[in-house]
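Quick notes on the structure that follows.
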Amino acid sequence: YPLPHCSGTNIAVELKMRLTVLLAMAAKVKLPPDYRYGTNRPWTVAAQRKNPPGTKRNKVFVEPMEKDDWKVFKGDVVQVLAGKDSGKQGKIIQVIRPRNWVIVEGLNTHYRYIGKSGDYRGTYVPSEAPLLVRQVSLVDPSDRKPTDVEWRYTEEGEKVRVSVRTGRIVPKPVPQRCDGIIPEQWIDGPKDTSVDDAVEKTYTPVLKPFEEDVIEKMGIVETRRPRKSYWY
């Protein structure tokens, strides 16, 4: 697509936005309508093994939930309301909205063997099983007790979660990348490129061939002239 006539900073931002859109389109996985979601990401080998091509699995009926009914997110601290770990609190490490599932770190675990081969029975490791979102309750950070929350708007128009019991705002967890880095809390180190350096305009395009531009910048005196050429 042609870029509009704008400054170097705007061009860099425009290119970054278009590249982000292209990468998002390329990374989007197309799934069949009867795909059964599990705890594994759809593009992983484990998920593809459970949903092989051409195999139709039984339909799983999930209680429909509106977007505003979903009030817990990855990184929230919740209290389990049902099951063997009822009453315990933990942090949500995974959210699977197509199944109304949340996985709480270290809770509702079952043990299994992994890495079986030959006579070796494998390693006995714990694995968290998913819980329905109705089986957990968000913890109010002011008193560390479970509470119901509802969506409200502040005077600035920001949509926030408010505890019904205490009336306090329950902030959403700060999103972090897969490597554990939180972009909003990142502090540049001595080897990091700052934003100002990245968007600084260091090149001015000119309507000259590359060789003539270099000769002029370096102060080289060239008495020779190129022979005229004709293109048909």
Q. Using a Förster distance of 35 Å, how high is the FRET efficiency between Val125 and Glu66, based on the Cβ-Cβ distance and rounded to 0.05?
A. 0.40
Q. Under a point spin-label approximation (7 Å from Cα along Cα-to-Cβ), what is the Glu150-Thr202 distance to one decimal in nm?
A. 5.6
Q.
Could you check the spin-label model distance between Lys116 and Val164? Points 7 Å from the Cα along Cα→Cβ, value in nm.
A. 4.6
(Q) If you roll a 1.4 angstrom probe over the protein chains with everything in place, what fraction of the accessible area of the chain belongs to carbon and sulfur, to the nearest %? (A) 56
Q.
Below 11 angstrom from the Cβ of Asp34, what's the summed charge of the other residues (Lys, Arg +1; Asp, Glu -1)?
A. +4
Q) Cα convex hull of the stretch 52-191: how many Å³ per residue? A) 239
Q: Would you mind getting the accessible area per residue of the chain, heavy atoms of the protein chains only, 1.4 Å probe, in Å²?
A: 82
Q) Which of the residue pairs Lys30/Lys56; Lys50/Lys116; Lys71/Lys159; Lys59/Lys84; Lys71/Lys91; Lys30/Lys74 have a Cα-Cα distance greater than 20 Å in the structure shown? A) Lys59/Lys84; Lys30/Lys74
Q: Starting from the Cα-Cα distance between Thr20 and Lys191, subtract it from 0.36 nm times their residue separation and give me the gain in nm to one decimal.
A: 59.1 nm
Q: Express the relative contact order of the chain as a whole percentage, based on alpha carbon pairs under 8 Å and six or more residues apart in sequence.
A: 12
Q) So what is the 222 nm mean residue ellipticity for the chain from helices alone, if each DSSP H run of at least 4 adds -39500 (n - 2.57) and you divide by all residues, rounding to the nearest 500 deg cm²/dmol? A) -5000 deg cm²/dmol
Q) Mind checking which aspartates and glutamates have their C-alpha under 19 Å from Lys88, skipping anything on the same chain fewer than 8 residues away? A) Asp76, Glu105, Glu128, Asp140, Asp143, Asp148
Q: Using only the Cα atoms, work out Rg/Rh for the stretch 147-232, with Rh taken as the Kirkwood radius, to two decimals.
A: 1.43
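The values are calculated or read from the model by the stated rules, or taken from the named source; none is laboratory data. Since the model is a prediction, treat every value here as computed from it, not as a measurement. Here the Cβ is made from the backbone with ideal geometry for all residues, glycine too, and neighbour counts use every protein chain on show. With ligands, DNA and RNA removed, areas are computed over all heavy atoms of the protein, side chains included. Shrake-Rupley method; radii C 1.70, N 1.55, O 1.52, S 1.80 Å.
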